[in-house]
There are 2 protein chains.
Amino acid sequence: MNYPSRLIEEAVVEISRLPGIGKKTALRLALHLLKREEQQARSLADAIVNMRTKTTYCSRCHNIADQELCAICNNAGRDASIICVVVDTRDVLAIEATSQYKGLYHVLGGIISPLEGIGPSDLHIDSLLSRVEKKEGRDDVNEIILALSPTMEGDTTAFYLQKKLKATGVKVSTIARGVPIGGDLEYADEITLGRSIVSRVAYD
Amino acid sequence: MNYPSRLIEEAVVEISRLPGIGKKTALRLALHLLKREEQQARSLADAIVNMRTKTTYCSRCHNIADQELCAICNNAGRDASIICVVVDTRDVLAIEATSQYKGLYHVLGGIISPLEGIGPSDLHIDSLLSRVEKKEGRDDVNEIILALSPTMEGDTTAFYLQKKLKATGVKVSTIARGVPIGGDLEYADEITLGRSIVSRVAYD
C-alpha cells in the first residue's frame, strides 16, 4: 500500500507488529490517534515505555511487580500455606477475578513443550521447589494447586511437577475439570463429560 | 480487575482508549510487549509520537502529508484536471489501491451529518470550490468525481456539493453504484439491485 506519509507508514509498521493487529487495523488506529489530542498519543507512548522499562518480576513468585515483591506476595492477609501454580500473569488475573482464592501464586513463565523446545529448565520450577522446603521463620507450605490448562502441554507439565513435588511430601492438587457451569450437557465434548463422570463429587 | 502492577494498569488504560480495543485485548498487548525486547516498545512509542507530532495536512487537498504538499499533489505525473472528492485519507488509500485513478484528490475531512452536528462549514468545501476556479498559470479542473459512501450522509453531502459546484460550470460525476463484482445477484439487496438496473450501462 502507498501510505500518504512516511511517518504514518512507520507507525503502521510498528503497530502491526503487535499480535492480532494487521496493517488495516494499524492504519485505523494511527488515523484515530491523528484526529485526537497530541496528549493522548504522548500518554500512550509514555505508558508503553514506562511499563516495558520499569516493570519487574516478583522475586518470590515471578508474577509481574512494581517492586521486589508483587502486591499479592506483599499482602499479609493472604494464606502463605497454599501456592497456586500457573503459567503466566494472565492466569493470576483470571483466578483473582473469581475472588475464590486467598493463597499465593507461583508463575512458571511457560509450559513444557518439546515441540517448541521448552523444557523444565526454562521454567521457574527450581524456585517453586525451594519455596516448598521447610525453613525456620517462614510459614510452611501445605498445599500446591496446579492450575494448568487441560491440554497436552499442561498435562505434561502437571505430571512433571507432581513427580518433583512428591519428594517434598507436600500435598499436590489440581483444579477440577468437568462440565463448565452454565453449559448445556448436550454440548459438552465427550472427553470433558467422561472426565466429569470419573471425577464425580459426592454430596456431603 | 486487580492489575499486578500500576505500570501495567496505566498501559492497559491507555491502550484500551484506542477504538475497538477492550481491556482484555489491551492486557494481552501489554503482556506481549513485556516479553519482547525493550527496543520494540521504544520503537512503537517513538513511531506513535513522531506520527502525531510531525504529520501535517496537504495545503491543497487536505490529505495527510509529510511536507507542505502531499505525495500525490507533488507528483507531476498525476492528471491535475480531475479531482476526486473523498471523506478521509482511508478513502484515498482505498482508491489508490485500485490503480484505476491518476487524478488528484480533495479530502473533505468529514461528512454532512445534522445528527452529529456536522455542517458544510465544518468540511473543506470552500477550498474545493477555490480549486475549481479558473486561474492563470494553473491547469483547469475539468471534472470532479464524488466518491462518497452510498449512505444518507454521503448522499446529503453529494447533493450539497453538486449544487455548489453547478455554479462553477465544472463537470460533476459520482462513482458507480451497483452490484459488487464477485457477488452473487441473489444476495444483492433490492435497493442496490434496483439502482444497478436504473443505472445500466450500454455496451459500446
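Taking each residue of region A:21-38 that is over 13 Å from B:P19 (Cβ atoms) and looking for partners that are polar (S, T, N, Q) and part of a helix (DSSP H, G or I) with beta-carbon atoms closer than 9 Å, six or more apart or interchain, yields A:E38/B:T53.
Just one residue in the set A:L27, A:L7 is in contact with a Ser or Thr (Cβ under 7 Å, 6 or more places away or on another chain) and either over 21 Å from A:D122 (Cα atoms) or buried (at least 19 other Cβ atoms within 10 Å of the Cβ) (or both); that residue is A:L7. If you check A:E153 against the conditions, is it closer than 20 Å to A:A80 by Cα and in the same structural domain as A:K102 (by TED's automatic domain parsing)? So A:E153 does not fit the description; no. Restricting attention to region A:30-54, the residues that are buried (at least 21 other Cβ atoms within 10 Å of the Cβ) and either among the charged types (D, E, K, R) or assigned to a loop (DSSP other than H, G, I, E, B) (or both) add up to 1.
Whether any residue in region A:129-142 is among the small types (G, A, S), more than 20 Å from B:P4 (Cβ to Cβ), at pLDDT 90 or above and surrounded by 16 or more Cβ atoms within 10 Å (Cβ to Cβ) is what I want to check.
Taking every residue of region A:129-142 in turn, none turns out to be among the small types (G, A, S), more than 20 Å from B:P4 (Cβ to Cβ), at pLDDT 90 or above and surrounded by 16 or more Cβ atoms within 10 Å (Cβ to Cβ).
Selection of region A:88-118 for residues being surrounded by 13 or more Cβ atoms within 10 Å (Cβ to Cβ), over 9 Å from the mean Cα position of the chain (by Cα) and not polar (S, T, N, Q) yields A:I95, A:E96, A:Y101, A:G103, A:L104, A:Y105, A:H106, A:I111, A:I112, A:I118.
Within region A:181-204, the set of residues being loosely packed, with under 10 Cβ neighbours inside 10 Å and outside any helix (DSSP H, G or I) comprises A:I181, A:G182, A:D184, A:D189, A:R200, A:V201, A:A202, A:Y203, A:D204.
Determine if region B:62-70 includes at least one residue that is touching a Ser or Thr at 6+ places or on another chain (Cβ under 9 Å), touching a residue at least 60 places away in the same chain (Cβ under 8 Å), surrounded by 15 or more Cβ atoms within 10 Å (Cβ to Cβ) and under 26 Å from B:A176 (Cβ atoms). Yes, because at least one residue in region B:62-70 is touching a Ser or Thr at 6+ places or on another chain (Cβ under 9 Å), touching a residue at least 60 places away in the same chain (Cβ under 8 Å), surrounded by 15 or more Cβ atoms within 10 Å (Cβ to Cβ) and under 26 Å from B:A176 (Cβ atoms).
Among the residues of region A:138-162, those identified as part of a helix (DSSP H, G or I) and charged (D, E, K, R) are A:E153, A:D155. Would you mind stating whether A:D79 is among the acidic types (D, E), in contact with an Asp or Glu (Cβ under 9 Å, 6 or more places away or on another chain) and within 27 Å of B:I21 (Cβ to Cβ)? Answer is no for this residue.
For B:D155, indicate whether it is touching a residue at least 24 places away in the same chain (Cβ under 8 Å) and surrounded by 11 or more Cβ atoms within 10 Å (Cβ to Cβ). No.
Residue-wise test of (1) under 17 Å from A:I15 (Cβ atoms); (2) at pLDDT below 90; (3) among the aromatic types (F, W, Y); (4) within 16 Å of the chain's Cα centre (by Cα).
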| site | (1), (2), (3), (4) |
| --- | --- |
| B:E37 | yes, no, no, no |
| B:S43 | yes, no, no, no |
| B:N50 | yes, no, no, no |
| B:C58 | no, no, no, yes |
| B:N75 | no, no, no, no |
| B:V86 | no, no, no, yes |
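Scanning region A:28-77 for residues that are aliphatic (A, V, I, L, M), out of contact with any Cys (no Cβ under 9 Å at 6 or more places or on another chain) and more than 7 Å from chain B (Cβ to nearest Cβ) yields one hit, A:A76. Out of the residues in region B:163-180 that are under 22 Å from B:D91 (Cβ atoms), aliphatic (A, V, I, L, M) and not in a helix (DSSP H, G or I), state the one that is modelled with the lowest pLDDT. Only one residue tops the list, namely B:V179. Within region A:1-16, the set of residues being assigned to a loop (DSSP other than H, G, I, E, B) and within 7 Å of chain B (Cβ to nearest Cβ) comprises A:M1, A:N2, A:P4, A:S5.
When residues in region B:17-26 are screened for being closer than 18 Å to A:D88 by Cβ and facing chain A (nearest Cβ under 7 Å), 0 of them pass.
The values are calculated or read from the model by the stated rules, or taken from the named source; none is laboratory data. Because the structure is a prediction, the values reported are computed rather than measured. Cβ coordinates were reconstructed from backbone atoms using ideal geometry, including for glycine residues, and neighbour counts include every protein chain displayed.
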